[in-house]
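Below is one structure; the comments refer to it alone.
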Amino acid sequence: MYICYMLFKEITGQYELKRQLIQAIKDKRISHAQLFVGSEGSGNLALAIACAQYICCQNKQDDDSCGHCKSCIKFQKLVHPDLHFAFPVNTTNKVKKDATSDSFISEWRKLLTGFPYFSERTWYEYLGIENKQGNIGKLDAEAIQQKMIFKPFEAECKFMIIWLPERMNATAANKLLKLIEEPPANTLFFLVSKNIDQIIKTILSRTQLIRVPPVDEQSMKKMLAGKYDLSPNETQVLTRLSAGDVLKAIKIYERHEAEQDFLDSFKLMMRFAYEQRFVELLDLAEEMVKLGREQQKSFLYFCQQMIRENFIMNLQMQNIVYSTDKEKDFSQKFSKFITSKNVESIYSALNLAASHIEHNGNQKIILSDLTIKFTQLIRKA
Ligand SMILES: [Zn+2]
């Protein structure tokens, strides 16, 4: 089934804020320039769009858009003619010059309708602008001016949603000041920011601030339980570590999923090291050589993370790290082998190996040395 994330009810948590926004819309108290500020995983972008959809909905429900009227259907695909977007962009292999938001509108719609929580970094990766920073420049400001002169086509209002106004440069900001301060009738600017301190002051002072708080724990748990197959304990810890940020929760979960193979190798390596089974350790090192340098480095960082987490567990502070149940089972037995007597030496051995691999050292020698070192270090607990 197709989910329209831009309905209020599809946005994780934020009940109090949704209630306030809906009331403000009903009372026609929405300012012509609203600034939604919250972390990237707070749902700030989805909330701004949900507000626009609700204002346009032809069959408003008490607490949400209907989701079925002509306007809602167009919002679902983000193709409503009165809904406009501006967001940071840069040149890519495909768009070699004069990149504007319009150059990437189909990518924007695709990413946003897939899931309206994504980071600035994810957006740049999706566009393929690589390591460059995106910005909202003069050309975008001119496009915004042009789009906003016309009266709304279909709805009562027209909307310009500016994602990350902190990436707007001074030229663009100057061009837009007057428009944002005194927009034509029935024109609303919704600015969606993650860092209010970086917004040009003259723009900032012309907006009305809405703080989007972290997602409450209960809603976060419900979201995670609906999305992943987690035990109650995993859900609990993940929820707390996410600190109310949906993206952070997803990131932690995905990293752990991707690392389950690493966990198996790590367990074997530690068991063989403890039992001083040198032949098996060398076989294991041999296996790892086949992984290639990038994977080897990732594996070594994973080992560091495991060592750190097990050390923390040993200090009885288990609640500050997230681990899957599988990791936890293992750690219950393993953590007593990582103590203040060996944690630093193990950590630096891993660091050194990663650094040698990075500098094109002989992988077989580096990894064999490392596993042999472990046979000593693990017994120093
Ligand atoms: Zn509707």
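What's the extension gain from residue 68 to residue 157 if we count 0.36 nm per residue and subtract their Cα-Cα distance?
Details: separation 89, 0.36 × 89 = 32.04 nm, distance 1.90 nm.
The span from residue 68 to residue 157 would gain 30.1 nm if fully extended.
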Net charge over other residues, Cβ less than 13 angstrom from the Cβ of residue 142 (K, R count +1; D, E count -1): 0
Using alpha carbon centroids, what distance separates segment 260-283 and segment 66-105, in Å? 51
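Taking the convex hull of the alpha carbon atoms in the chain, what volume per residue do you get, in Å³? Don't skip to the answer; put the middle values down first.
On the way: hull volume 62.1 nm³, N = 381.
It comes to 163 Å³ per residue, whole-number rounded.
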Roughly what would the spin-label model give for residue 275 and residue 138, points 7 Å off Cα along C-beta, in nm? 7.1
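Expressed as a rounded percentage, what relative contact order does segment 1-113 have, with Cα pairs under 8 Å and six or more residues apart? Don't skip to the answer; put the middle values down first.
Details: 97 pairs, mean separation 26.4, N = 113.
Relative CO of segment 1-113 lands at 23 percent.
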If every Lys and Arg gets +1 and every Asp and Glu gets -1 at its Cβ, then about the Cα centre the chain yields a dipole, in debye to the nearest 20, of 580
Which values of log₁₀ I(q)/I(0), to two decimal places, follow from the Debye formula for segment 8-213 at q = 0.07, 0.16, 0.18 Å⁻¹ with a uniform point scatterer at every Cα? -0.18, -1.07, -1.39
Got a sec to turn the phi values of segment 239-255 into Karplus ³J(HN,Hα) couplings, 6.51 cos²θ - 1.76 cosθ + 1.60 with θ = phi - 60°, whole Hz, x for Gly and Pro? 4, 5, 5, 5, 6, x, 10, 4, 5, 5, 4, 5, 4, 4, 4, 5, 4
Checked against the positive end of the charge dipole of the chain (+1 on Cβ of Lys and Arg, -1 on Cβ of Asp and Glu, about the Cα centre), the farthest of 371, 243, 48 is 48
Cα centre as origin, Lys/Arg/Asp/Glu Cβ charges: segment 8-213 dipole, Debye: 240
Estimated inter-spin distance, residue 336 and residue 107, nm [label 7 Å along Cα→Cβ]: 5.4
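Let me have the 222 nm mean residue ellipticity of the chain computed from DSSP H runs of 4+ only, each contributing -39500 (n - 2.57), with the sum over all residues rounded to the nearest 500.
Helices in the chain give a 222 nm mean residue ellipticity of -16500 deg cm²/dmol.
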Around residue 358, what is the net charge, scoring Lys/Arg as +1 and Asp/Glu as -1 over all other residues with Cβ under 15 Å from its Cβ? +1
Range of Cα positions in segment 19-140 per principal axis (Å), largest first: 46, 28, 26
Estimated distance in nm for a label pair at residue 202 and residue 265, the labels positioned 7 Å out from Cα along Cα-to-Cβ: 5.5
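Please work out the FRET efficiency for the pair residue 380 and residue 294, using the Cβ-Cβ distance as r and a Förster radius of 41 Å; give the result to the nearest 0.05. Could you put the intermediate results ahead of the total?
Details: r = 31 Å, r/R0 = 0.75.
FRET efficiency, residue 380 to residue 294: 0.85.
I need the peptides 254-260, 361-367 ranked by packing, meaning the mean over residues of other C-beta atoms within 10 angstrom, with the highest value on top. Walk me through the intermediate numbers first.
Details: 254-260: 13.3, 361-367: 17.3.
The most tightly packed comes first, giving 361-367, 254-260.
For each of 124, 228, 54, count neighbouring Cβ atoms within 10 Å of the residue's Cβ, then give the residues from fewest to most.
Placing the least packed residue first, the sequence is 228, 124, 54.
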Antiparallel DSSP beta bridges within the chain, percent to nearest 5: 5
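Each reported figure results from applying straightforward, stated rules to the coordinates on display, with no laboratory input. Note that the structure is a prediction, hence the values are computed from the model and not measured. No Cβ is skipped: glycine too gets one built from the backbone with ideal geometry, and neighbour counts run over all protein chains shown.
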